[in-house]
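For reference, the structure discussed in these notes is given below.
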Amino acid sequence: MGLNHDEAPVLDALARYHDADELGFTPPGHKQARGADPRARAVLGDAVFFGDVLANGGLDDRMARGRVLEQAEKLMADAVHAEHTFFSTCGSSLSVKAAMLVVTGPHRRLLVGRDAHKSVIAGLILSGVEPVWVEPQWDAARHIAHPPTPDAYAQAFSRHPDADGALVTSPTPYGSAADLTAIADICHRHGKPLIVDEAWGAHLPFHDHLPSWAMDAGADICVTSIHKMGSGLEQGSVFHLQGDLIDPAELASRADLLGTTSPNVLLYAGIDAWRRQMVQHGTELIGRALDLAARTRAAIETIDGFHVNDAADFCGPRLAADFDPLPLVMDISDLGTTGYRAADWLRTHHHIDMHLFDHRRISAQLTHADDEQTTTRLLDALDDLARHADRLRDTPRVSVPSPDDLRMEQAQLPRDAYFTRHTKVPVEEAAGRIAAEMITPYPPGIPAVLPGERLTGPVLEYLTTGVAAGMFLPDAADRRLKTVRVVAD
């Protein structure tokens with residue numbers, strides 16, 4: 001008998017909890033909002049506190065005999081054509097680490113696209129895995145990276161046949177996607193699993209006019225952030241599994257090792273509700289979003305100084321294999337300012353927050369939640385930005401290296417460099433030293449410097465000029481980058 005996707009096990013269990021008038025002498029200490037600060041209740045609303053119950057011994061009994069979470073995960077797996085699904089309340093930053101740790105381990109090798117998110121690098125640091133970097137497809141004219149090609153992974157396996165598997169990020173935060181089917185085939189010919197960091201792809205299984213979903217493309221493990229392109233709450237993530245290369249119990253064990261013992265049921269509920277919403281209405285909702293994105297793209301193209309990157313810009317030989325049109329990635333280099341300056345201006349003058357921004361771009365991420373009202377407000381703000389561009393042209397220039405100059409030697413393992421004795425040196429004296437920290441322009445969160453890389457002048461100049469222009473480096477020990485943390489001599 002098929003599963004009933006009209007059900008939402010977590011939401012239904014919460015309703016039963018309240019209908020039964022359960023009284024908990026357990027955490028959380030606010031006790032169904034009764035102990036919460038009235039000022040917090042006024043801002044957050046009581047529904048937040050009413051939904052905040054223990055997973056076991058609250059939502060379910062102490063032995064999880066109601067199988068609430070298990071049923072919700074089975075429904076999600078069925079919805080996206082996976083064999084197993086696991087919910088995470090610690091975001092895809094945890095999920096991707098669990099995936100890495102089940103595929104490989106300390107002193108082993110893993111093929112990793114160098115355009116990976118900082119959470120992947122954190123996984124390398126924690127695990128002691130040696131990364132075999134697979135170079136992205138660099139568009140030198142637009143200064144943007146697209147996912148590595150299947151041939152790049154094939155060559156990496158040829159050089160390192162002992163690698164335990166591969167990891168690819170697709171789609172990227174900019175919407176470009178890899179040829180996942182071909183990469184999965186290469187991995188499987190070597191008997192190795194493929195991990196796909198598909199944090200930006202929660203919507204992909206639910207419409208045919210989007211890039212291929214990792215499970216349909218043959219990936220073994222896929223990590224997805226429900227809060228990014230879905231209707232889940234922040235930190236809501238799932239990871240999916242199929243095939244016989246990975247033991248589901250081992251993956252669950254790795255997730256348990258990293259995850260919290262106090263999961264937030266509100267996040268489970270958001271994931272559960274998203275699955276039901278997409279199964280019932282996903283094609284319609286995402287189809288409407290795609291139509292809206294097409295109209296909005298066309299309208300932005302009429303604004304002086306704006307160009308919206310599309311498949312013609314991002315896809316083709318030596319570029320990406322596919323493209324998600326919902327990120328509206330706007331090249332504003334003709335305005336004579338930076339994305340940092342433009343994003344700040346839009347927030348200050350129009351209370352609009354952009355999804356991404358860099359030295360020449362801003363991006364607005366559309367989802368099924370957007371409509372003509374939200375995009376009209378966006379278009380009005382962009383038009384106003386264009387009219388005031390002359391006031392934003394005094395920003396410092398960012399010195400962006402060539403693709404060759406951007407890549408640095410991995411002189412030590414990320415874990416060794418991160419945990420070894422380190423010191424701070426003035427940035428002017430850092431070239432030639434081995435980095436002992438991660439330095440990541442955020443967003444999108446792809447590190448420019450990794451622990452263990454030998455620092456070079458072009459990369460340091462890129463970061464220092466970027467900071468002067470408005471780049472944010474949240475993980476640097478010195479966010480102003482006057483000093484850099486390096487391995488001690």
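The values are calculated or read from the model by the stated rules, or taken from the named source; none is laboratory data. What you see is a predicted model, and the numbers here were worked out from it, not measured in a lab. Reconstructed Cβ throughout: ideal geometry from the backbone, glycine too, with neighbour counts over all protein chains shown. In case anyone asks, the SASA skips ligands and DNA or RNA and just uses the protein heavy atoms, side chains included. Shrake-Rupley method; radii C 1.70, N 1.55, O 1.52, S 1.80 Å.
With respect to the stated conditions, LEU319 fails to be touching a Ser or Thr at 6+ places or on another chain (Cβ under 9 Å) and under 15 Å from LEU379 (Cα atoms).
Considering every residue within the range 423-437, establish whether at least one is within 24 Å of the chain's Cα centre (by Cα) and either among the basic types (Lys, Arg) or open to solvent by 50 Å² or more (accessible area, probe 1.4 Å) (or both). Scanning the range 423-437 turns up no residue that is within 24 Å of the chain's Cα centre (by Cα) and either among the basic types (Lys, Arg) or open to solvent by 50 Å² or more (accessible area, probe 1.4 Å) (or both).
Among the residues of the range 441-489, those that are of a type in the set (Ser, Thr, Tyr) and surrounded by 18 or more Cβ atoms within 10 Å (Cβ to Cβ) comprise THR456, TYR462, THR464.
Against the numbered list (1) modelled with pLDDT of 95 or more; (2) surrounded by fewer than 17 Cβ atoms within 10 Å (Cβ to Cβ), LEU413 comes up short only at (2).
Mind checking which residues of the range 223-265 are at pLDDT below 95, of a type outside the set (A, V, I, L, M, F, W, C) and part of a loop (DSSP other than H, G, I, E, B)? Within the range 223-265, GLY230, SER231, GLY232, GLU234, GLN235, GLY236, GLY259, THR260, THR261, SER262, PRO263, ASN264 qualify.
On the stretch given as the range 303-338, residues that are among the small types (Gly, Ala, Ser), part of a loop (DSSP other than H, G, I, E, B) and without any contact (Cβ under 8 Å) to a residue 12 or more places away in the chain total 1. For the range 203-231, the tally of residues that are open to solvent by 10 Å² or more (accessible area, probe 1.4 Å) and within 13 Å of SER92 (Cβ to Cβ) stands at 3. Number of residues in the range 115-147 that are open to solvent by 20 Å² or more (accessible area, probe 1.4 Å) and of a type outside the set (Gly, Ala, Ser) equals 10. Based on what the data block shows, is SER93 touching a helix residue (DSSP H, G or I) at 6+ places or on another chain (Cβ under 8 Å), of a type in the set (Ser, Thr, Tyr) and open to solvent by 40 Å² or more (accessible area, probe 1.4 Å)? Yes; evaluated as a whole, the condition is true for this residue.
Taking the options ALA293, ALA269, ALA273, ALA312, name whichever one is open to solvent by 40 Å² or more (accessible area, probe 1.4 Å) and at negative phi. One residue alone meets the criteria, ALA312. The C-beta contact set for the range 189-203 (first residue over 14 Å from PHE239 (Cα atoms), second residue of a type in the set (Val, Ile, Thr) and in a loop (DSSP other than H, G, I, E, B), distance under 6 angstrom, 6+ apart or interchain) comprises PRO193/ILE246.
Scanning the range 49-63 for residues that are open to solvent by less than 40 Å² (accessible area, probe 1.4 Å) and either farther than 12 Å from TYR268 by Cβ or among the small types (Gly, Ala, Ser) (or both) yields PHE49, GLY51, ALA55, GLY58. Of all residues in the range 212-222, exactly one satisfies the criterion of being outside any loop (DSSP other than H, G, I, E, B) and either aliphatic (A, V, I, L, M) or farther than 20 Å from ALA72 by Cβ (or both), namely ILE221. Restricting the first member to the range 426-443 and to residues that are under 19 Å from LEU413 (Cβ atoms), and the second to residues that are among the acidic types (Asp, Glu) and not in a loop (DSSP other than H, G, I, E, B), the beta-carbon pairs closer than 8 Å and six or more apart or on different chains are ILE434/GLU453; ALA435/GLU453. Within the bounds of the range 127-142, is there any residue that is assigned to a helix (DSSP H, G or I) and touching a residue at least 60 places away in the same chain (Cβ under 8 Å)? Scanning the range 127-142, I find at least one residue that is assigned to a helix (DSSP H, G or I) and touching a residue at least 60 places away in the same chain (Cβ under 8 Å), so the answer is yes. When restricted to residues that are within 23 Å of the chain's Cα centre (by Cα) and under 22 Å from THR376 (Cβ atoms), the range 345-359 contains 7.
In the condition set (1) over 15 Å from the mean Cα position of the chain (by Cα); (2) under 16 Å from LEU167 (Cβ atoms), LEU266 is compliant with all but (2).
Checked against the criterion of being under 25 Å from ALA47 (Cα atoms) and either more than 20 Å from the chain's Cα centre (by Cα) or without any contact (Cβ under 8 Å) to a residue 60 or more places away in the chain (or both), the candidates GLY232, GLY287, GLY282 yield just one match: GLY232.
Scanning for something outside any helix (DSSP H, G or I), on the phi < 0 side of the Ramachandran plot, among the hydroxyl-bearing types (Ser, Thr, Tyr) and without any contact (Cβ under 8 Å) to a residue 60 or more places away in the chain, does the range 21-34 turn up at least one residue? Scanning the range 21-34, I find at least one residue that is outside any helix (DSSP H, G or I), on the phi < 0 side of the Ramachandran plot, among the hydroxyl-bearing types (Ser, Thr, Tyr) and without any contact (Cβ under 8 Å) to a residue 60 or more places away in the chain, so the answer is yes.
Exactly one residue among ASP383, ASP358, ASP370, ASP405 is in contact (Cβ under 8 Å) with a residue 60 or more places away in the chain and surrounded by fewer than 17 Cβ atoms within 10 Å (Cβ to Cβ), and that residue is ASP383.
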